[in-house]
Amino acid sequence: MTRLYISADLEGACGVVSTHHCAAQPDRAAYDWAVSQLEMEVAAVVEAALDHGVSHILVNDSHYTMTNLMLDQVDPRVSLLTGKPKRCAMSAGLDNTFDAAIYVGYHAKAGTHQGVLCHTFHSKLFDVSINGVSYGEGGINALYASVIHGVPLILTSGDRAYLSEIRSLIPALEAVETKVGLTYTAAQCHPLETVLEAYTAKTRQVLENRASWKQNLLSLPGPYELKITFINPLAADAANTIPGVTRLDGTTLLFKTDDFQTVYQMLQSCYSILAYTQYLE
Ligand SMILES: [Zn+2]
């Protein structure tokens with residue numbers, strides 16, 4: 001009775017390289033194509049997992065509107081978490097009843113050289129560090145899964161820069177490389193057939209090697225100092241309204257807590273509160 005949690009982002013999917021791939025506006029056709037690509041990649045993981053003893057799969061739509069994946073386009077045996085807001089966003093629905101997590105279509109953190117569409121939760125966030133170490137979305141979500149729920153990340157996918165980043169945190173992590181970034185908006189994509197076969201093979205491999213899952217569990221004892229650097233003072237001004245934060249300089253906020261759940265939700269709060277700054281720019 002293996003329960004598997006899948007968090008699906010979009011930027012790391014094979015062929016996705018443009019901001020036009022990532023939102024329904026201004027180019028609906030580009031976006032629809034990108035989502036269909038993600039659906040194929042998620043389906044490859046889901047089919048392999050259901051063929052190899054997984055009894056329950058929750059897929060959490062983790063990209064932007066979080067309404068990208070259509071219920072009738074995912075395997076009917078899967079439970080789909082769609083829509084927002086969600087208290088834990090990219091990690092919503094995860095709890096300690098799950099045995100393992102897989103992150104599909106992830107990307108590198110903001111500012112990464114050759115990181116395709118790299119960012120950290122929001123375009124206005126430039127850097128997120130916890131206790132002096134800078135993390136991207138994959139790392140922070142993996143920390144949340146490990147520290148709060150004891151769930152290891154066993155497989156992930158995305159571009160080469162992301163895989164390098166996440167493996168610096170979880171060296172033994174199995175992964176599917178979808179493309180190699182040349183620039184922020186250009187990549188050499190691996191052949192689609194190779195990528196889909198890799199999803200099937202790697203999913204089977206990690207599920208057959210359950211004894212190794214524990215080595216992917218992360219530990220990060222508190223207390224925590226969360227430092228968030230924004231791309232401009234306006235974004236920091238907006239997030240500075242959140243109770244308990246300390247303004248360090250024009251673009252940096254500091255938040256201290258003993259509780260990792262609060263660290264995680266502080267980032268989600270920043271994400272939410274930044275939405276209105278677009279009307280002030
Ligand atoms: Zn995304």
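For Gln37, the test of being of a type in the set (S, T, N, Q), touching a Gly at 6+ places or on another chain (Cβ under 9 Å) and assigned by TED's automatic domain parsing to the domain that holds Ser157 is passed. Condition first: small (Gly, Ala, Ser) and at pLDDT below 95. Can you find one or more residues in the stretch 252-273 that meet it? Yes, the conditions are met somewhere in the stretch 252-273. Scanning the stretch 66-91 for residues that are surrounded by fewer than 21 Cβ atoms within 10 Å (Cβ to Cβ) and either part of a helix (DSSP H, G or I) or among the basic types (Lys, Arg) (or both) yields Leu71, Asp72, Gln73, Arg77, Lys84, Lys86, Arg87.
Applying the set (1) buried (at least 22 other Cβ atoms within 10 Å of the Cβ); (2) assigned to a strand (DSSP E or B); (3) not aromatic (Phe, Trp, Tyr) to Cys118 leaves exactly one unmet item: (2).
Screening Ala49, Ala110, Ala34, Ala100 for residues that are over 18 Å from the mean Cα position of the chain (by Cα), crowded, with 22+ Cβ neighbours inside 10 Å and either at pLDDT 95 or above or under 25 Å from Gly139 (Cβ atoms) (or both) leaves exactly one candidate, Ala49. For the stretch 49-107, residues that are among the aromatic types (Phe, Trp, Tyr) and away from the ligand (no atom under 16 Å from the Cβ) total 1. Does the stretch 47-65 include one or more residues that are over 19 Å from Thr194 (Cα atoms), outside any helix (DSSP H, G or I), out of contact with any strand residue (DSSP E or B) (no Cβ under 8 Å at 6 or more places or on another chain) and of a type in the set (Val, Ile, Thr)? Looking through the stretch 47-65, at least one residue is over 19 Å from Thr194 (Cα atoms), outside any helix (DSSP H, G or I), out of contact with any strand residue (DSSP E or B) (no Cβ under 8 Å at 6 or more places or on another chain) and of a type in the set (Val, Ile, Thr). Every condition in (1) within 14 Å of the ligand (Cβ to nearest atom); (2) in contact (Cβ under 8 Å) with a residue 60 or more places away in the chain; (3) not in a loop (DSSP other than H, G, I, E, B) holds for Ala13 except the one numbered (3).
The values are calculated or read from the model by the stated rules, or taken from the named source; none is laboratory data. The model shown is predicted, which means the values in this text are computed figures rather than measured ones. For neighbour counting, all protein chains shown are included, and Cβ atoms are generated from backbone atoms with ideal geometry for every residue, glycine included.
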